[in-house]
Amino acid sequence: PLDEYGRVKVSTPSELLNEFKPVSNSGSITATNNTAGLVVMLFKSGRPNVSLYYKLGGAGTVYLEASLDGVTWRPVKTYTLSASGEGFDVVQGIAHPYVRLNCPTTGIDITLELVASR
C-alpha cells in the first residue's frame, strides 16, 4: 500500500515501539502512615535518561540510587530539603537497569516519581 505521496507504507512492529516508550513508577505516603519512609523503584531496562520528582512535607533527604540487580544499590545523587518543598531533576546516562528514589525520613508526607526514557 502507498501513502498519499506515493511512498510505500511501512509499519513499525509494536514491540520495537514499546522499547521507545517511557516507563514510570510513583508512590506517596501521608505523615500519619509514614513510619518507615518511602522507596519507589523502577526497572528501566536500557532507558538511560531518568527524570524524577519529589515532594516532602517537612525537612528530609531523598536519594537517587542505581542497581545492577535490584538488590545492591549505589548512590547517584542526594537531594536535601531543610523544610517542606519539592524538586525536579533530569539525570542522563544512567546505564544500570534499576533506579530508585529512597526517602528514609519518617513522620512527613512524601511523594516520589521516577520516569525513564531513551
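Just so you know, all these numbers are worked out from the coordinates, no wet-lab data involved. What you are looking at is a predicted structure, and each value in this text was computed from that prediction instead of being measured. Here Cβ is always computed from backbone atoms with ideal geometry, including for glycine, and neighbour counts include all displayed protein chains.
Under the rule of -39500 (n - 2.57) per DSSP H run of 4 or more residues, summed and divided by the residues of the chain, what mean residue ellipticity at 222 nm is obtained, to the nearest 500 deg cm²/dmol?
About -1500 deg cm²/dmol.
Local charge sum around residue 117 (other residues, Cβ-Cβ under 12 Å, Lys/Arg +1, Asp/Glu -1)?
Local charge sum for residue 117: +3.
Provide the per-residue ³J(HN,Hα) series for region 22-34, in order, calculated from phi with Karplus coefficients 6.51, -1.76, 1.60 and θ = phi - 60°, each as a whole number of Hz, with x at glycine and proline positions.
Result, rounded to whole Hz: x, 10, 8, 7, 8, x, 8, 8, 8, 4, 5, 9, 8.
Enumerate the amide H contacts of residue 59 below 5 Å, restricted to partners 5 or more residues apart or on another chain; note that Pro and chain-start residues carry no placed amide H.
Placed amide hydrogens put 84 under 5 Å from residue 59.
Could you give the dipole magnitude of the chain about its Cα centre, charging the beta-carbon of Lys and Arg +1 and that of Asp and Glu -1, in debye to the nearest 20?
Taking the Cα centre of the chain as origin, the dipole is about 180 debye.
Specify which residue in the list 52, 81, 66 is farthest towards the positive end of the charge dipole of the chain, using unit charges on the beta carbon of Lys, Arg (+1) and Asp, Glu (-1), about the Cα centre.
Going by the charge dipole, the pick is 66.
Amide H of residue 37: which non-local residues (sequence gap of 5 or more, or other chain) have their own amide H closer than 5 Å, using H built in the peptide plane?
107
Each residue of region 109-115 in turn: what ³J(HN,Hα) in whole Hz from Karplus with 6.51, -1.76, 1.60 and θ = phi - 60°, glycine and Pro shown as x?
Working through the residues one at a time gives 5, 9, 10, 10, 9, 10, 9 Hz.
For the chain, what is the Kirkwood hydrodynamic radius in Å, using each pair of distinct C-alpha atoms?
Kirkwood hydrodynamic radius for the chain: 15.7 Å.
Between the alpha-carbon centers of region 51-118 and region 1-33, tell me the distance in whole angstrom.
24 Å
Only Cα pairs under 8 Å and at least 6 apart count here; give the relative contact order of the chain as a rounded whole percent.
In percent, rounded to a whole number, it is 41.
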